[in-house]
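Data first, discussion second: the structure below is written as structure tokens.
The values are calculated or read from the model by the stated rules, or taken from the named source; none is laboratory data. All figures in this text were calculated on a predicted structure; none of them were measured in a lab. Here the Cβ is made from the backbone with ideal geometry for all residues, glycine too, and neighbour counts use every protein chain on show.
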Amino acid sequence: MNNTYQAVMNRRNEIMKKSVGIDYTKYEQTGIGFDYELMMNSQGYNINKIKQIQSENMVGNTPLVELKNITKYARKYTKKGYGARIFLKDEAANISGSFKARRAALAIDKAKELGFKGVIAATSGNYGAAVAALAAKAGLRCIIVQETFDSKNICQPEISEKARKCEAFGAEVIQLSVGPELFYTFLKLLEETNYFNASLYSPYGIMGIETLGHEIAEEVMGKAGKYPEAVIITNAGGGNLTGTARGLKNAGAINTKIIGASVNLYGLHMASDIDFNKKSFTTGHTGFGIPFATFPDRSDVPRSAARPLRYMDRYVMVNQGSVFFMTQALALLEGMERGPAGNTSLAAAFSLAQEMREDEIIVVQETEYTGAGKHIQPQLSFAKRNKVKIMFGNPLDEIPGKNIIFPKNGSYLKYEEISMDNLRKSYLKKYKNIKLSKEDYKFLSEELRVDISTIKDII
Amino acid sequence: MIDKGTYVRIRRTLLDAKERSDNLPSETKKVPYKMWVKGYLLKEADLFDIVKIKTITGRIETGRLKEVEPPYKHSYGDYVSEILVLKDIIINDMYGENNE
């Protein structure tokens, strides 16, 4: 078998088809589009079945806690009558310590059903731990492929921790240097092992999160007699946002605003050997959030089930210093040591809540476990060793890779808006010189949640 | 000499710099693409030899022997004075300067 880079990449479609158990051509339409809902609805799962699979696997039904002290803190900076109640879904309580277990539970269920002997996932983050834990529980073998080192063999501490955790669950961890060729290695492994591709972007990877949105809608209704006004979701590959939003809508919370939040890593190149260890966040950042929103099919499956622009009402970002600040505040004021990356949406919620009325509710929909390597202490220590300056001041002055700026007090913690119009423009750029049919426009209109005339105007 | 059956970590170059993907930043394009993996040594060898290992899932991998009985080295890191300042800010914001 020819295993050169190009030869393997050329075989990607057949490798994918065999390893995901989905024939994506069934959902393709004649032009640029595909039938998204048909793809999601054809995999043999519904919300009740998903809830059952998850509850049998120690996944889901995590506590929803009201952060009364953090709400009180946010209200110090509002005029009277403002400052929404902030609730937090403690997803760290899932098996493996993050919401990613919801995604893995379904992927593993499908792998088992289809008779695969093992699973492979390409991830440096919590998803690897989730797949490894659930594979262990299901008696499947597991390989996790991580982007880990720069060319000086320096490893992101958070990724070292994830490798340790995956190995604790019996997985084989393959660690790679910086670069998108991870996908090449991933394909070669799928071919070599005939294992299941537990992609983050398959319908299973997204439908597993729908229970999270469902639980939030039901629990807030139970506690407050209404659906939350807003749910804020840390956004990277778009799956967390897509699945949560679908679950909320499925439960009836159709007017709840869906807000994405990412850490601002503008200026750092995700494939750069130098920038790799200059960042303090390996996920939840704009370096994934924006490209995956504007071109979802860049993922490791032919058609990504994570399509955040179909659901997102607003997209905001916060700097690294603000997320560290809120991570510390969560520990100091609420007694919850979590994150930091999962606290991106919490940092944004602290600022957003100040613009909302005090009888309104904003739900931060995740937390993640913390520990050696992941915790803010090793993260900041690592940043300093990589010559990133730690400062206090206005977080909006932070330059990713050069410094980390903590708010000099809570009043300085402010989100920044990312323009939805610019995201749509960026999404549509690739269709500038293509003649589009009526069906194509309809697809784009669904993808971007704007009418056809707006699409025509943008193009 | 390292005994057969010892748990080790190997490193292998998967792509030389010139074989790497196009569209890479120049600093990435000029360095080789490498893989690290752990497993049991199939034959006795010396450090830095090219060896074969059996991984935990039973795959056979080849590469240069870099580490014997590889430890986990990540930790809670060094002392970071700024974290203490951060805590003071949050407590002062919430409860005032003179909180005891």
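Is it true that some residue in the stretch A:350-358 is more than 26 Å from A:Lys80 (Cα to Cα), surrounded by fewer than 18 Cβ atoms within 10 Å (Cβ to Cβ) and not assigned by TED's automatic domain parsing to the domain that holds A:Met40? Spell out how you get there, then give the answer.
The initial filter retains those residues of the stretch A:350-358 that are more than 26 Å from A:Lys80 (Cα to Cα), namely none.
No.
Please indicate, with yes or no, whether at least one residue in the stretch A:410-432 is touching a Ser or Thr at 6+ places or on another chain (Cβ under 8 Å), over 25 Å from A:Leu241 (Cβ atoms) and in the same structural domain as A:Asp297 (by TED's automatic domain parsing).
The answer is no, given that none of the residues of the stretch A:410-432 is touching a Ser or Thr at 6+ places or on another chain (Cβ under 8 Å), over 25 Å from A:Leu241 (Cβ atoms) and in the same structural domain as A:Asp297 (by TED's automatic domain parsing).
From the set of residues in the stretch A:220-275 that are within 18 Å of the chain's Cα centre (by Cα) and of a type in the set (Lys, Arg), which is nearest to A:Ile154 (Cα to Cα)?
Of the stretch A:220-275, the ones within 18 Å of the chain's Cα centre (by Cα) are A:230-248, A:257-266, A:270.
Checking the rest, the ones that are also of a type in the set (Lys, Arg) come to A:246, A:257.
Details: A:Arg246: 39, A:Lys257: 41 Å.
Checking each candidate, the answer is A:Arg246.
Go through (1) within 11 Å of chain B (Cβ to nearest Cβ); (2) touching a Phe, Trp or Tyr at 6+ places or on another chain (Cβ under 9 Å); (3) not acidic (Asp, Glu) one by one and return the number of the condition A:Ala130 breaks.
It is condition (1) that A:Ala130 fails.
Scan the stretch A:273-309 residue by residue and report those that are of a type in the set (Val, Ile, Thr) and within 14 Å of chain B (Cβ to nearest Cβ). Explain how you work it out, then say what you get.
Of the stretch A:273-309, the ones of a type in the set (Val, Ile, Thr) are A:274, A:282-283, A:286, A:290, A:294, A:301.
Listed by number, the residues that qualify are A:Ile274, A:Thr282.
I'd like the full set of residues that are closer than 30 Å to A:Ile154 by Cα and of a type in the set (Phe, Trp, Tyr), limited to the stretch B:63-96. Even if it seems obvious, please write down each step before you answer.
First, the residues of the stretch B:63-96 that are closer than 30 Å to A:Ile154 by Cα: B:63-87.
Of everything in the stretch B:63-96, those that are closer than 30 Å to A:Ile154 by Cα and of a type in the set (Phe, Trp, Tyr) turn out to be B:Tyr72, B:Tyr76, B:Tyr79.
Of the conditions (1) touching a His at 6+ places or on another chain (Cβ under 8 Å); (2) without any contact (Cβ under 8 Å) to a residue 40 or more places away in the chain, A:Ala132 clears all except one; give me its number.
That leaves (1) as the condition not met.
Search the stretch A:326-343 for residues being part of a helix (DSSP H, G or I) and of a type in the set (Gly, Ala, Ser), and hand back the single one that is nearest to the other protein chains (Cβ to nearest Cβ).
Of all residues in the stretch A:326-343, those part of a helix (DSSP H, G or I) come to A:326-334, A:341-343.
When the remaining residues are screened for being of a type in the set (Gly, Ala, Ser), the result is A:329, A:331, A:341-342.
Values: A:Ala329: 5, A:Ala331: 9, A:Ala341: 16, A:Gly342: 18 Å.
The residue in question is A:Ala329.
For the structure I just gave you, tell me whether A:Tyr204 is more than 7 Å from every other protein chain (Cβ to nearest Cβ), among the hydroxyl-bearing types (Ser, Thr, Tyr), within 19 Å of the chain's Cα centre (by Cα) and part of a helix (DSSP H, G or I).
Details: more than 7 Å from every other protein chain (Cβ to nearest Cβ): yes; among the hydroxyl-bearing types (Ser, Thr, Tyr): yes; within 19 Å of the chain's Cα centre (by Cα): yes; part of a helix (DSSP H, G or I): yes.
It is true that A:Tyr204 is more than 7 Å from every other protein chain (Cβ to nearest Cβ), among the hydroxyl-bearing types (Ser, Thr, Tyr), within 19 Å of the chain's Cα centre (by Cα) and part of a helix (DSSP H, G or I).
For the stretch B:68-91, which residues satisfy the criterion of being facing chain A (nearest Cβ under 8 Å) and on the phi > 0 side of the Ramachandran plot?
B:Gly77
Kindly evaluate B:Gly39 against the criterion of being without any contact (Cβ under 8 Å) to a residue 12 or more places away in the chain and of a type outside the set (A, V, I, L, M, F, W, C). Show your work before the answer.
Values: without any contact (Cβ under 8 Å) to a residue 12 or more places away in the chain: no; of a type outside the set (A, V, I, L, M, F, W, C): yes.
No: the conditions fail for B:Gly39.
Quick check on the stretch A:370-398: of everything there that is small (Gly, Ala, Ser) and surrounded by fewer than 22 Cβ atoms within 10 Å (Cβ to Cβ), which residue is nearest to the other protein chains (Cβ to nearest Cβ)?
Kept after step one, since they are small (Gly, Ala, Ser), are these residues of the stretch A:370-398: A:371-373, A:381, A:383, A:393.
This time we only want the ones that are surrounded by fewer than 22 Cβ atoms within 10 Å (Cβ to Cβ), so: A:371-372, A:381, A:393.
Details: A:Gly371: 9, A:Ala372: 5, A:Ser381: 3, A:Gly393: 12 Å.
Among those residues, the one meeting the criterion is A:Ser381.
Every residue, every condition in (1) over 21 Å from A:Gly170 (Cβ atoms); (2) away from every other protein chain (no Cβ under 14 Å); (3) without any contact (Cβ under 8 Å) to a residue 40 or more places away in the chain, yes or no:
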site	(1), (2), (3)
A:Met9	yes, no, no
A:Ile22	yes, yes, no
A:Lys51	yes, yes, no
A:Asn57	no, yes, no
A:Asp109	no, yes, no
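If you scan the stretch B:66-84, which residues turn out to be in a loop (DSSP other than H, G, I, E, B) and not β-branched (Val, Ile, Thr)?
Residues of the stretch B:66-84 that are in a loop (DSSP other than H, G, I, E, B), as a first pass: B:69-80.
Answer for the stretch B:66-84, where residues must be in a loop (DSSP other than H, G, I, E, B) and not β-branched (Val, Ile, Thr): B:Glu69, B:Pro70, B:Pro71, B:Tyr72, B:Lys73, B:His74, B:Ser75, B:Tyr76, B:Gly77, B:Asp78, B:Tyr79.
Would you check if B:Leu47 is of a type in the set (A, V, I, L, M), surrounded by fewer than 15 Cβ atoms within 10 Å (Cβ to Cβ) and assigned to a loop (DSSP other than H, G, I, E, B)? Let's see the steps before the verdict.
On the way: of a type in the set (A, V, I, L, M): yes; surrounded by fewer than 15 Cβ atoms within 10 Å (Cβ to Cβ): yes; assigned to a loop (DSSP other than H, G, I, E, B): yes.
The answer is yes for B:Leu47.
If the Cβ limit is 7 Å and pairs must be 6+ apart or interchain, which residue in the stretch A:169-182 that is within 7 Å of chain B (Cβ to nearest Cβ) and at positive phi pairs with which residue that is assigned to a loop (DSSP other than H, G, I, E, B) and buried (at least 24 other Cβ atoms within 10 Å of the Cβ)?
Close Cβ pairs (under 7 Å, with a partner that is assigned to a loop (DSSP other than H, G, I, E, B) and buried (at least 24 other Cβ atoms within 10 Å of the Cβ)) do not exist here.
Exactly one condition in (1) closer than 30 Å to A:Leu190 by Cα; (2) of a type in the set (Val, Ile, Thr); (3) modelled with pLDDT of 95 or more is not met by A:Val301; state its number.
Here A:Val301 clears every test but (3).
Conditions tested, residue by residue: (1) surrounded by 11 or more Cβ atoms within 10 Å (Cβ to Cβ); (2) assigned to a helix (DSSP H, G or I); (3) at pLDDT below 95; (4) at the interface with chain A (Cβ under 7 Å from one of its Cβ atoms).
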residue	(1), (2), (3), (4)
B:Lys18	no, yes, yes, no
B:Val31	yes, no, no, yes
B:Tyr40	yes, no, no, no
B:Glu61	yes, no, no, no
B:Asp93	yes, yes, no, yes
B:Glu100	no, no, yes, no
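Restricting the stretch A:144-171 to residues that are within 17 Å of A:Ser96 (Cβ to Cβ) and of a type in the set (Asp, Glu), which is nearest to the chain's Cα centre (by Cα)?
Per the criteria, the residue is A:Glu158.
Given (1) under 18 Å from A:Asp150 (Cα atoms); (2) of a type outside the set (Gly, Ala, Ser); (3) surrounded by 14 or more Cβ atoms within 10 Å (Cβ to Cβ); (4) facing chain A (nearest Cβ under 10 Å), identify the lone condition not met by B:Asn23.
Condition not satisfied by B:Asn23: (3).
Just to be sure, is A:Met326 surrounded by 23 or more Cβ atoms within 10 Å (Cβ to Cβ), out of contact with any Lys or Arg (no Cβ under 8 Å at 6 or more places or on another chain) and under 27 Å from A:Gly267 (Cβ atoms)?
Values: surrounded by 23 or more Cβ atoms within 10 Å (Cβ to Cβ): yes; out of contact with any Lys or Arg (no Cβ under 8 Å at 6 or more places or on another chain): yes; under 27 Å from A:Gly267 (Cβ atoms): yes.
Here the answer is yes, as A:Met326 does meet what is asked.
Any residue in the stretch A:29-44 that's free of Cβ contacts under 8 Å to residues at least 24 places away in the same chain: show its pairings with residues that are surrounded by fewer than 16 Cβ atoms within 10 Å (Cβ to Cβ) at Cβ separation under 7 Å, as long as the two are six or more apart or on different chains.
A:Asp35/A:Gln29
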